[in-house]
Structures are given as C-alpha cells and as structure tokens.
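J.: Encoded as structure tokens, here's the structure I'll be asking about.
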Amino acid sequence: MKAVAKTAYGPFHLEYTDVPNPVCGDNDIVLKVKAAGICGSDMPLLYGPDEAKYKNYTYPMVIGHEFAGEVYEVGRNVTGWKVGDRVVSDNTGYVCGHCPACETGNFLLCPERKGIGGDMDGGMAEYVRIPGVVLQRDPASIRRIPDNMPFEHAAVMDPICNAYKAIVQEAKVLPGDNVVIYGNGPLGLFSVLIARLINAARIIVIGTRRSAPTRNPICEELGATDILMADDPDVVRKVKEICGEDGVAAVINCASRSANILPEAVRMLRPGGAFIMVGYTRTAVSYEEDPADLMGHKGVTFIGHMGYDHTSWRNTLALYREGRIDMDPIVTHKLPLSKWREGFEMFTNREAAKVVLVPELDQ
C-alpha cells in the first residue's frame, strides 16, 4: 500500500512510498483510511529536530495520528464492530490498563501509552491497524462517527477535542466569561469555535503577523471578537481595556512559543482565573521575573493540558451530530495523500489552516 513513512532517523527522511499492508490479528481491526489530518506536531518528522526515541525505531514507520475511515477487516475474536462501520480513532495504540491513569479512564496519561502514528504505524496510509490490546483496555479509543460527518471532518476530531477539554472541562469557562486564546493555528481556531459555542463574551485571539493574512479572517468567521498581535508591547493593557471590570476568566495557550506567554497571561488574568497550557515549546524558557509569585497572589490556576478524554470525544461528536459545529472554515485544504509534502509546506508557510490528506484522491 502507499503511505507517508519515515525511512530513517533525522530530518527529511520522510517519503511517499510502498509499505506492506497491515496484518489483522485475531483481536485487531484494520481500517481503510478515508482521511488523515496534518498536525503541527508532524512538522519535526520532516524538518527536524527528531525526538531521541526515533533513533531506535525500525524503519520505515508510517506517520499520521489524526485519521478516520471505514472498518475494512475485523479479527475473529472482535465483537461490536463490522466491516463498513464509519469510525474515527483517538490514535491510542497501547495502554497498560492498570496504572492510576488507566484505572480512572485518563488513558492519554498512561506512562506506557503508545500512540498510533508516533510510536507505531499510523494513518497517513491506505490502511491502518488498531491493535487488539487497546480495543480490550480502552474500547472507546475508536468511535462511530455521525452520519452527517464527512471523513475529512472526522479526521480532525483530535484538535477540536483538545479545545473542548481545555475550555469546557479544564478552564470551566461559563457563558458570559471573557477568554484569551494565544495562537491561531488549528488548536487556536478550534478553541475560538468552542468559546463561541458556549457563548463566551469576549473572545480575544493573540496571534502572529506571519499567520494573520490567512488565519485572522478565519478567526473572525468563527466568532473572535478581538484580534491582537503577539509582538505588541501593550497587549496586556489592551486585553484589560477590552474586558473591563469583568476581567479575563481564562487564557488558553495554543501557541508553540511560550517564552512570554505565561507572565503576560498571569498579568491579564483576573483573580481566580485559569491558565491552560495546551501548546508547548522545545526550547528552554527563562523569565526575568518568576510569574509564580503573581500566580500565588492572584490565586491563578495553572493546568497542564494533555489531549482529551472520553467526555471530550462523546460531547464533541454529539454537538457535531446536532449541527452545532461547522469545521469548514478550519479545514481549508483537501489533498491527495501523494501531495503530503505540499500540505506540509502550506502549513509551515501559514498558507493553510488545517490540511487533510485523502488516499482515494490518488486513485
């Protein structure tokens, strides 16, 4: 089958190539991939730097952790699934099943978790295997998608579930609250969508000038009330002026850079507000003044965010089924799988918001 696969350790060892079809074991499911999303976290797989864990991998390894498709083959011991079922995966490929995280259903926090497309063959391919061990320990790691959901939308459930968990479950934003969202990439855009869905009052996006031409209009279409630039030295003052005496209930950091975000966020948050760390950086961060002191004085909550949980998936799929979520403004490009490099370049150059690859467009 055709796939986008990493062929060796190091930058630029990523190719559209032939790899063996996945073998369906007695407890496994094999999906025919209908759509696969390109994520910002996929960029280092092409451009580097590679994570150290990839040094010891057996290559080629198919990438892609955002994907949806149809059940193509079912192992003889598998029940509850049949060929033709339309499904989406949360990209969990293995969990231990017995740690505190697994016992409480927080499978993404399992210390032994392995992800499909990161630790084992993923979904940027014609077919992908869902291992039986995860189907047994975390049955909801794949879910049926609503009849009204196209595969290109199902494939990007990962980032919208991230946004739902950050804003609704972790920050606990209420209708009428003011929210600041750092970053206007896909996670930031989906966060705007969720904030508007729950009727946040002011939805302030802080983005970069590089992304502004393509993504600021999408922010506005999704419901952002205000857009500020990250390099504006007066950004904290402007946020406070916009929000007035009600202040900022939550700051959602969806940006990949974080050197100045935390101290800025703590200054703009109202007492008792919440800072949700969704984005991350690969570089060390130092502060002229430790924001922890001000966090303590203001009673600000810092929440380290990791992905989503089953509530995020269930509720977001339900909202889509009821016609409350429109992903069309965010899924800006749909390309054949063979055009994966074009998709990576469009994302890197900020010419696209969310790019989805469709294997069947190559046929």
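J.: Being part of a helix (DSSP H, G or I) and surrounded by 21 or more Cβ atoms within 10 Å (Cβ to Cβ) is the filter here; which residues of segment 312-334 pass it? It would help to see each step written out before you state the result.
T.: As a first pass, look at segment 312-334 and keep what is part of a helix (DSSP H, G or I): 312-321.
Within segment 312-334, S312, W313, T316, L317 meet the criteria.
J.: Can you tell me which residue is surrounded by the most Cβ atoms within 10 Å (Cβ to Cβ) among those in segment 215-237 that are free of Cβ contacts under 8 Å to residues at least 12 places away in the same chain and in a helix (DSSP H, G or I)? First the steps, then the outcome.
T.: If we filter segment 215-237 for residues that are free of Cβ contacts under 8 Å to residues at least 12 places away in the same chain, which is where we start, we get 217, 220, 232-234, 237.
Next cut, in a helix (DSSP H, G or I) only: 217, 220, 237.
Numbers: P217: 12, E220: 15, R237: 12.
Restricting to residues being free of Cβ contacts under 8 Å to residues at least 12 places away in the same chain and in a helix (DSSP H, G or I), the top hit is E220.
J.: Given the conditions (1) at pLDDT below 95; (2) of a type in the set (G, A, S); (3) crowded, with 19+ Cβ neighbours inside 10 Å, and given that S258 satisfies all but one, which numbered condition is not satisfied?
T.: With respect to (1) at pLDDT below 95; (2) of a type in the set (G, A, S); (3) crowded, with 19+ Cβ neighbours inside 10 Å, S258 is out only on (3).
J.: At pLDDT 95 or above and open to solvent by less than 10 Å² (accessible area, probe 1.4 Å), is that true of L337?
T.: On the way: at pLDDT 95 or above: yes; open to solvent by less than 10 Å² (accessible area, probe 1.4 Å): yes.
Spelling it out, L337 is indeed at pLDDT 95 or above and open to solvent by less than 10 Å² (accessible area, probe 1.4 Å).
J.: Kindly establish whether N162 is touching an Asp or Glu at 6+ places or on another chain (Cβ under 8 Å) and either crowded, with 23+ Cβ neighbours inside 10 Å or among the aliphatic types (A, V, I, L, M) (or both). Outline the logic, then answer.
T.: Numbers: touching an Asp or Glu at 6+ places or on another chain (Cβ under 8 Å): no; either crowded, with 23+ Cβ neighbours inside 10 Å or among the aliphatic types (A, V, I, L, M) (or both): yes.
So N162 does not fit the description; no.
J.: In segment 244-255, how many residues are crowded, with 17+ Cβ neighbours inside 10 Å, in contact with a helix residue (DSSP H, G or I) (Cβ under 8 Å, 6 or more places away or on another chain) and farther than 16 Å from K354 by Cα? Give the derivation first.
T.: Of segment 244-255, the ones crowded, with 17+ Cβ neighbours inside 10 Å are 248-255.
If we keep only those that are in contact with a helix residue (DSSP H, G or I) (Cβ under 8 Å, 6 or more places away or on another chain) as well, we get 248, 250-255.
The next check asks that each one be farther than 16 Å from K354 by Cα; those that pass are 248, 250-253.
The qualifying residues number 5.
J.: Which residues, taken from segment 1-15, are closer than 18 Å to F67 by Cα and over 23 Å from the mean Cα position of the chain (by Cα)? Steps first, please.
T.: Taking segment 1-15 and keeping what is closer than 18 Å to F67 by Cα, we get 1-6.
Those that are closer than 18 Å to F67 by Cα and over 23 Å from the mean Cα position of the chain (by Cα): M1, K2.
J.: Identify the residue in segment 65-80 that is under 16 Å from K34 (Cβ atoms) and not charged (D, E, K, R) and, among all such residues, is farthest from the chain's Cα centre (by Cα).
T.: The initial filter retains those residues of segment 65-80 that are under 16 Å from K34 (Cβ atoms), namely 65-73.
Checking which are not charged (D, E, K, R) leaves us with 65, 67-69, 71-72.
Values: H65: 9, F67: 12, A68: 14, G69: 18, V71: 23, Y72: 25 Å.
So the residue we want is Y72.
J.: Quick check on my filter: what residues within segment 299-311 are under 22 Å from D42 (Cα atoms) and part of a strand (DSSP E or B)?
T.: Residues of segment 299-311 under 22 Å from D42 (Cα atoms): 304-309.
Result: G304, single match.
J.: From the list A352, A265, A292, which one is of a type in the set (G, A, S), open to solvent by 30 Å² or more (accessible area, probe 1.4 Å) and either part of a helix (DSSP H, G or I) or under 30 Å from E126 (Cβ atoms) (or both)?
T.: Numbers: A352 fails: open to solvent by 30 Å² or more (accessible area, probe 1.4 Å); A265 fails: open to solvent by 30 Å² or more (accessible area, probe 1.4 Å).
After ruling out the rest, the residue left standing is A292.
J.: If you scan segment 169-214, which residues turn out to be outside any loop (DSSP other than H, G, I, E, B) and open to solvent by 10 Å² or more (accessible area, probe 1.4 Å)? I'd like the intermediate steps shown before the answer.
T.: Initial filter on segment 169-214 (outside any loop (DSSP other than H, G, I, E, B)): 169-170, 179-182, 186-197, 203-207, 212-214.
If the condition is that a residue be outside any loop (DSSP other than H, G, I, E, B) and open to solvent by 10 Å² or more (accessible area, probe 1.4 Å), then Q169, E170, P186, L187, L193, R196, L197, A212, P213, T214 are the ones that fit.
J.: Answer yes or no as to whether A8 is open to solvent by less than 20 Å² (accessible area, probe 1.4 Å) and not aromatic (F, W, Y). Quick ask: steps written out before the conclusion?
T.: Details: open to solvent by less than 20 Å² (accessible area, probe 1.4 Å): no; not aromatic (F, W, Y): yes.
Against the criterion (open to solvent by less than 20 Å² (accessible area, probe 1.4 Å) and not aromatic (F, W, Y)), A8 does not qualify.
J.: How about segment 113-146: which of its residues are over 29 Å from Y16 (Cβ atoms), touching a helix residue (DSSP H, G or I) at 6+ places or on another chain (Cβ under 9 Å) and free of Cβ contacts under 8 Å to residues at least 60 places away in the same chain?
T.: Listed by number, the residues that qualify are R137, D138, R144.
J.: So in segment 117-136, with the set limited to residues that are open to solvent by 20 Å² or more (accessible area, probe 1.4 Å) and assigned to a loop (DSSP other than H, G, I, E, B), which one is farthest from C102 (Cα to Cα)? Break it down into steps so the answer makes sense when it comes.
T.: Applying the first criterion (open to solvent by 20 Å² or more (accessible area, probe 1.4 Å)) to segment 117-136 yields 119-121, 126-127, 129, 133, 135-136.
Among the residues that remain, those that are also assigned to a loop (DSSP other than H, G, I, E, B) are: 119, 121, 126.
On the way: D119: 18, D121: 23, E126: 30 Å.
Taking the candidates together, the pick is E126.
The values are calculated or read from the model by the stated rules, or taken from the named source; none is laboratory data. Since this is a predicted model, take the numbers as computed values, not measurements. Here the Cβ is made from the backbone with ideal geometry for all residues, glycine too, and neighbour counts use every protein chain on show. Note: accessible area is taken over every heavy atom of the protein model, side chains too, but ligands, DNA and RNA are not part of it. Shrake-Rupley method; radii C 1.70, N 1.55, O 1.52, S 1.80 Å.
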